[in-house]
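The values are calculated or read from the model by the stated rules, or taken from the named source; none is laboratory data. Computed from a predicted structure; not experimentally measured. In this analysis, Cβ positions are derived from the backbone assuming ideal geometry, glycine residues included, and neighbour counts consider all displayed protein chains. SASA here: full protein model, heavy atoms, side chains in, ligands and nucleic acids out. Shrake-Rupley method; radii C 1.70, N 1.55, O 1.52, S 1.80 Å.
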Amino acid sequence: MTSAHPAPAGGQSDTAWSPRLWGTLVVLCAAMFLDALDVSMVGVALPSIGADLHLSTSTLQWVVSGYVLGYGGLLLLGGRAADLLGRRRVFLVALAVFAGASLLGGLVDDGGLLIAARFLKGVSAAFTAPAGLSIITTTFAEGPARNRALSIYTTCGASGFSLGLVLSGLLTSAGWRWTFLMPVPVALLALAFAVRLLPRQAAPERGRAGYDVAGAVTGTGALLLLVFTLTEAQSAGWASLRTLGSLAVVAVLAAAFLLIESRTAHPLVRLGIFRNGGVARANLTAFTIFGSYAGFQFITTLYLQRLLGWSALEMAFGLLPAGALVALSATRMGAIIDRFGTGRLLPIGVLALTAGYAYFLQLGEHSGFLTLVLPSMVLLGIGFALAFPSVNINATSGVADEEQGLASGLVNTAFQVGSAIVLAVTTAVITAGSGGGESPQAQLDGYRPALLLVTGIAALGLLVALLGAALERRPKPPAPVPDYRYGPLDGARDGAGRDRTGREAVTEAQVMSER
């Protein structure tokens with residue numbers, strides 16, 4: 001997965017990067033950090049938001065779900081828009097919208113407007129994430145340069161997700177509005193530098209690219225409805241007519257989307273991209289990595305605050321070791337990936353994540369930080385440091401420049417949809433296991449089966465990663481013997497197999513297929 005390829009047009013393959021190139025990477029990392037930060041930062045502030053705006057529990061959950069709905073539902077559209085409209089343009093517009101929505105969220109006094117602002121932030125992140133990732137993959141040549149850039153970029157995202165809890169605890173103590181206002185100056189500063197630093201690209205050939213409107217409507221509709229249904233299933237009931245009906249509509253939309261994509265000349269998602277086994281396995285692994293962690297973080301938050309009585313700030317610092325390990329590894333992961341390859345590092349990373357979840361199964365009524373939380377956080381930090389950049393590299397390797405936005409959108413969609421699905425199922429398992437009881441034992445009876453579920457999902461990701469590693473080590477078949485249909489080549493051949501007269505060497509398989 002990490003073998004070097006020729007640099008893409010404009011791609012940077014030199015080991016020494018210019019200050020401008022470093023500036024470009026820092027701008028993209030800042031946007032990724034803000035996107036990930038927003039996923040986790042609002043969680044600790046929810047009780048304060050509910051008390052200040054007088055929101056019910058069912059309404060308050062949409063402060064979180066609104067962001068997930070916009071982010072997870074529109075990622076595929078965001079990735080394709082980056083390919084068709086220009087990555088730089090999409091990134092700049094979406095980052096400006098993100099800053100505006102953050103400011104709106106920090107100033108409103110109405111719950112409905114706050115949820116709308118969160119949805120708008122999710123939509124903007126759905127466009128900045130694939131656009132930013134595809135700018136990196138088309139600016140840095142596949143191989144060591146891209147591995148180094150992606151390792152820094154993805155660990156910034158993982159750090160933002162982990163450190164969001166800590167920052168939220170600190171900011172909420174000063175007022176929940178600061179969790180919305182803090183990203184505004186950072187986003188505006190990143191936007192100012194992005195205008196100057198991001199590489200300009202040739203205008204896309206719109207006449208050739210085309211727009212798959214039907215695919216965009218059915219695909220985006222299916223994702224939006226799926227995320228909405230899963231977030232509402234807990235309150236509406238998993239077996240309710242509303243939930244089952246919505247899932248049936250999702251299935252119809254998904255089937256229509258696949259049919260459209262298989263027949264249209266310019267699809268939103270070219271289904272042939274999944275013939276790249278590395279891309280397909282990377283997306284499945286991404287689903288399990290982020291899904292299992294979202295479920296684990298939800299369980300851990302409830303356990304530490306409700307059962308053990310930790311404050312929000314204590315919980316934030318308790319989870320800090322995982323985020324710190326990921327952040328400290330950012331500048332070194334590129335060299336580590338170059339030396340050992342993603343085929344080795346990805347299984348080790350997912351194994352560490354699985355072990356961290358399994359170790360937390362020892363949770364009890366009086367578990368402590370040193371005996372339970374710290375060992376699990378160390379394992380999770382190691383796991384994310386190795387797995388997160390590896391899976392992003394695999395998801396974009398061997399993909400043509402014009403489809404880097406699509407590949408980036410797919411892996412980010414896998415992350416977000418995995419999070420929504422596993423979190424919804426985890427919540428249902430906790431509720432069923434505890435029976436609605438509030439006693440310590442009843443809570444533990446809900447947390448343990450949910451942890452088993454999370455561990456099992458991570459183990460599934462480990463199996464997929466091991467399969468990918470085994471296939472990567474498998475010897476490649478020998479190159480076909482050329483058959484020169486026009487007779488022997490006249491003298492020396494060039495790199496494309498042409499002789500001095502321009503005749504090409506073709507394989508026997510090509511000759512037979514044409515016959």
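Miscellaneous remarks
- In this simple spin-label approximation, S367 and A174 carry label points 7 Å from Cα along the Cα→Cβ vector, and these lie 3.3 nm apart.
- Counting Lys and Arg as +1 and Asp and Glu as -1 over every other residue whose Cβ lies under 13 Å from the Cβ of L406, the net charge comes to -3.
- Computed over protein heavy atoms with a 1.4 Å probe, the carbon and sulfur contribution to the accessible area of the range 372-468 reaches 74%.
- Cut-off 15 Å, label 7 Å out along Cα→Cβ of A16, residues of the range 329-349 by amide N: none
- Extension gain for the segment V217 to A51, taken as residue separation times 0.36 nm less the Cα-Cα distance, is 56.0 nm to one decimal.
- R0 of 41 Å, Cβ-Cβ distance V195-Q441: FRET efficiency to nearest 0.05: 0.10
- Over the chain, DSSP H runs of length four or greater, each weighted -39,500 (n - 2.57), average out per residue to a 222 nm ellipticity of -25000 deg cm²/dmol.
- Placing a pseudo-label 7 Å from each Cα along the Cα-to-Cβ vector at L452 and R332 gives an inter-label distance of 3.8 nm.
- The residues packed around L53, meaning those with a beta-carbon under 11 Å from its beta-carbon, carry a net charge of -2 if Lys and Arg are +1 and Asp and Glu are -1.
- Computed magnitude of the charge dipole of the range 258-410 (debye, nearest 20; Cβ of K, R +1, Cβ of D, E -1): 260
- Pairwise FRET efficiency - E402 versus L259, Cβ, R0 = 25 Å, nearest 0.05: 0.60
- Highest-first packing order for the peptide set 169-176, 212-219 is 212-219, 169-176, based on the mean count of other beta carbon atoms within 10 Å.
- Extension gain, L241 to T59: 0.36 nm times the residue separation minus the Cα-Cα distance gives 63.4 nm.
- Across the range 355-438, Cα-Cα distances exceeding 15 Å account for 73% of all pairs.
- Probe 1.4 Å, protein heavy atoms only - accessible area per residue of the range 106-254 in square angstrom: 40
- Whether the range 220-304 is rounded, prolate or oblate, judged on the alpha carbon gyration tensor where a/c under 1.5 counts as rounded: oblate
- Neighbours of R196 by Cβ distance under 12 Å: Lys/Arg scored +1, Asp/Glu scored -1, total +3.
- Packing order of peptides 400-408, 298-306, highest average first: 400-408, 298-306 (average count of other Cβ atoms within 10 Å over each peptide's residues).
- What the Cα atoms of the range 123-196 give is an Rg and a Dmax of 15.0, 45 Å.
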